[in-house]
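The values are calculated or read from the model by the stated rules, or taken from the named source; none is laboratory data. Bear in mind the structure is a predicted one, so any value in this text is a computation, not a measurement. Positions of Cβ are backbone-derived with ideal geometry, glycine not excepted, and every protein chain shown enters the neighbour counts. The protein model used for the area step is the full one, side chains on, heavy atoms only, and it has no ligands, DNA or RNA in it. Shrake-Rupley method; radii C 1.70, N 1.55, O 1.52, S 1.80 Å.
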Amino acid sequence: MKVLMIKDLKNVGKAGEIKEVSDGYGANFIIPQGYGKLLDDKAMGEFKSQQKKLALKEEENKKKAQELVEKLKDIVLVFSAKVGKSGTMIGSVSTKAVIEKLRKDYSISLDKRKFIDKYPLNAFGITKLRIEIYKDIIGVVTVKIVEEKGE
């Protein structure tokens, strides 16, 4: 029996796939539990229209991600930090702080877990952090850490 998977089912298939399963398994578990439906002309038509919608959405998401990459190129986030006696920076700037500043100052919402460069920033100067915005689309966030002016 061929079924069109509606939801992911471990060891069987993912949503949107067409799988060959035994008649009993398909009729008694997959179809009644809502994991899939019998593959017929109607289901095939629905599947093809769904695939077209997904392809359009995927293209739209990629386009938005590319626009965000271009927007990030022009942004420099400036942080200030205290200077130690030896002239080195005290503390560090986390990726969480970078994300919060992007959201607060530029209304750009990104996920801190998507940073490719995950190390804390603990030196003065300019650092470029790479972040995966969408599948295989990498943006660069420029962070500048300056000395905090004391009394």
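Which percent of the accessible heavy-atom area of segment 35-151 goes to carbon and sulfur, probe 1.4 angstrom? Can you show the working numbers first?
Numbers: 4180 of 8320 Å².
Of the solvent-accessible surface of segment 35-151, carbon and sulfur hold 50 percent.
Students often forget the sequence filter, so: which lysines lie under 22 Å Cα-Cα from Lys63 once same-chain residues fewer than 8 apart are removed?
Answer for Lys63, where 22 Å is the Cα cut-off: Lys52, Lys53, Lys71, Lys73, Lys112, Lys114, Lys135, listed by chain and number.
Out of the chymotrypsin sites (Phe, Trp or Tyr not before Pro) in segment 36-132, which ones are loop residues according to DSSP with at most 13 other C-beta atoms within 10 Å?
none
So what are the ³J(HN,Hα) numbers for segment 25-42, from phi and the Karplus equation (6.51, -1.76, 1.60; θ = phi - 60°), rounded to whole Hz, Gly and Pro as x?
Along segment 25-42, the couplings run 5, x, 6, 9, 10, 4, 5, x, 7, x, 7, x, 9, 4, 7, 9, 4, 5 Hz.
Rounded to the nearest 0.05, what FRET efficiency do Lys48 and Lys112 give with R0 = 41 Å and r taken as the Cβ-Cβ distance? Could you check?
0.60
Can you tell me the dipole magnitude for segment 56-100 around its Cα centre, using point charges on the Cβ only (Lys, Arg +1; Asp, Glu -1), in Debye to the nearest 20? Present the calculation step by step, with values, prior to reporting the outcome.
Working: 9 positive and 7 negative charges, 58 e Å.
Dipole size: approximately 280 debye.
In debye to the nearest 20, how big a dipole does segment 1-107 give about its Cα centre with +1 on each Lys and Arg Cβ and -1 on each Asp and Glu Cβ?
The calculation lands at about 560 debye.
Checking the cross-link filter: which aspartates and glutamates have an alpha carbon closer than 14 Å to that of Lys62, excluding same-chain neighbours under 8 positions apart?
Glu70, Glu132, Asp136
Considering only Lys128, Lys85, Lys52, give the residue with the highest GNM mean-square fluctuation for the chain, with springs between Cα atoms whenever their separation is below 10 Å.
Lys85
What accessible area per residue, rounded to a whole number of Å², is obtained for the chain using a probe radius of 1.4 Å?
70 Å²
Counting only DSSP beta bridges with both residues in the chain, what percent are antiparallel, rounded to the nearest 5?
75 percent
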